[in-house]
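K.L.:
Attaching a single structure in structure tokens format; questions to follow.
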Amino acid sequence: MKRPGHILKMIATAAAVAFVVYSCKGKLAEAEAINLGETPVQKVDDMFIVQTENSIIQLRAEAPLMERYENDSLSYELFPKGISVFGYTEEGLLETEILADNARHLKYKDGRETWEAFGNVVVKNLMNQETMETDTLYWDQKNERIYTHCYVRMYSPDGFAQGYGMESDQRARDTELFNPFNNYAIMSQDSTKVVIDSVNFIGPLLKK
């Protein structure tokens, strides 16, 4: 079952990013190695980032609080109050929404970059009415792959799927669910049904 739709590229300070989390249920071994008690070198309230290409919006990111830290081996940005990311199609239509309770962006001195999202991670493809829920999400930025080893729930008009572990391209166009269990599919649908993208739709809505 290939779900849930297209995952977008995040950015931080005009850079492409990666969603990465190191363990389920927010227990990040890597996070424990970083001294979060350090004084941030920068704090930004109500962060708002927009990325455009050829004057067309491609991504929007919002966070109530961003804290930037520095140490000898890396710099990192924390989003302790959560983050919301909105991805758009090449035509500028809102397509994907990602929400997470926590996130952080790590930039290593050797040039590597990762993003981490953890805690109630929800990915929605608004056009296809598809949703994926998990506690953690990894993004291998170099190979343009996203994955998790944690429990995953996937919802779509075609049914419901759940399992432990998932891998896909970074837009989730070839999502593969590992170790599935207790899934179900809708075997018959009304082929004349029209799905309206109510987020981007301009014009009168049809009466139900």
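The values are calculated or read from the model by the stated rules, or taken from the named source; none is laboratory data. What you see is a predicted model, and the numbers here were worked out from it, not measured in a lab. Neighbour counts are summed over all protein chains in view; Cβ atoms, including those assigned to glycine, are modelled from backbone coordinates with ideal geometry.
K.L.:
Please give the number of the condition Tyr151 fails out of (1) in contact (Cβ under 8 Å) with a residue 60 or more places away in the chain; (2) part of a strand (DSSP E or B); (3) within 19 Å of Glu97 (Cβ to Cβ); (4) touching a Gly at 6+ places or on another chain (Cβ under 8 Å).
P.N.:
Failed condition: (3).
K.L.:
While we're looking at this one, here's another question. Kindly list the number of the only condition in (1) modelled with pLDDT of 85 or more; (2) at positive phi that fails for Phe118.
P.N.:
So the condition that Phe118 fails would be (2).
K.L.:
Further question on the same structure: Please work out which one of (1) at pLDDT 75 or above; (2) under 30 Å from Arg112 (Cβ atoms); (3) in contact with a Pro (Cβ under 7 Å, 6 or more places away or on another chain) is the condition Val152 fails and give its number.
P.N.:
Looking at each condition in turn, Val152 falls short on (3).
K.L.:
Looking at the range 40-57, which of its residues are in contact with a strand residue (DSSP E or B) (Cβ under 7 Å, 6 or more places away or on another chain), without any contact (Cβ under 8 Å) to a residue 40 or more places away in the chain and of a type outside the set (Lys, Arg)?
P.N.:
Matches in the range 40-57: Pro40, Val41, Gln42, Val44, Asp45, Asp46, Met47, Phe48, Ile49, Val50, Thr52, Ile57.
K.L.:
Working only within the range 102-133, note down all residues that are closer than 30 Å to Asn200 by Cβ, of a type in the set (A, V, I, L, M, F, W, C) and over 12 Å from the mean Cα position of the chain (by Cα).
P.N.:
Of everything in the range 102-133, those that are closer than 30 Å to Asn200 by Cβ, of a type in the set (A, V, I, L, M, F, W, C) and over 12 Å from the mean Cα position of the chain (by Cα) turn out to be Leu126, Met127.
K.L.:
Continuing with this model, one more query. Hey, does the range 165-175 have a residue that's over 14 Å from the mean Cα position of the chain (by Cα), more than 22 Å from Leu59 (Cβ to Cβ) and either assigned to a strand (DSSP E or B) or modelled with pLDDT of 75 or more (or both)?
P.N.:
yes
K.L.:
If Ala185 satisfies every condition in (1) over 28 Å from Gln51 (Cα atoms); (2) of a type outside the set (D, E, K, R); (3) in contact with a Leu (Cβ under 6 Å, 6 or more places away or on another chain) but one, which is the exception?
P.N.:
Failed condition: (3).
K.L.:
On to the next question. Here are some residues: Ile56, Ile11, Ile49. Which one is of a type in the set (Val, Ile, Thr), modelled with pLDDT of 55 or more, over 19 Å from Val122 (Cβ atoms) and under 19 Å from the mean Cα position of the chain (by Cα)?
P.N.:
Ile49
K.L.:
Oh, and also: Considering only the range 74-90, I want to know if a residue exists there that is over 28 Å from Glu53 (Cβ atoms), assigned to a strand (DSSP E or B) and modelled with pLDDT under 85.
P.N.:
yes
K.L.:
Could you check how many residues of the range 61-73 are in a strand (DSSP E or B) and closer than 24 Å to Tyr108 by Cα?
P.N.:
Matching residues across the range 61-73 total 9.
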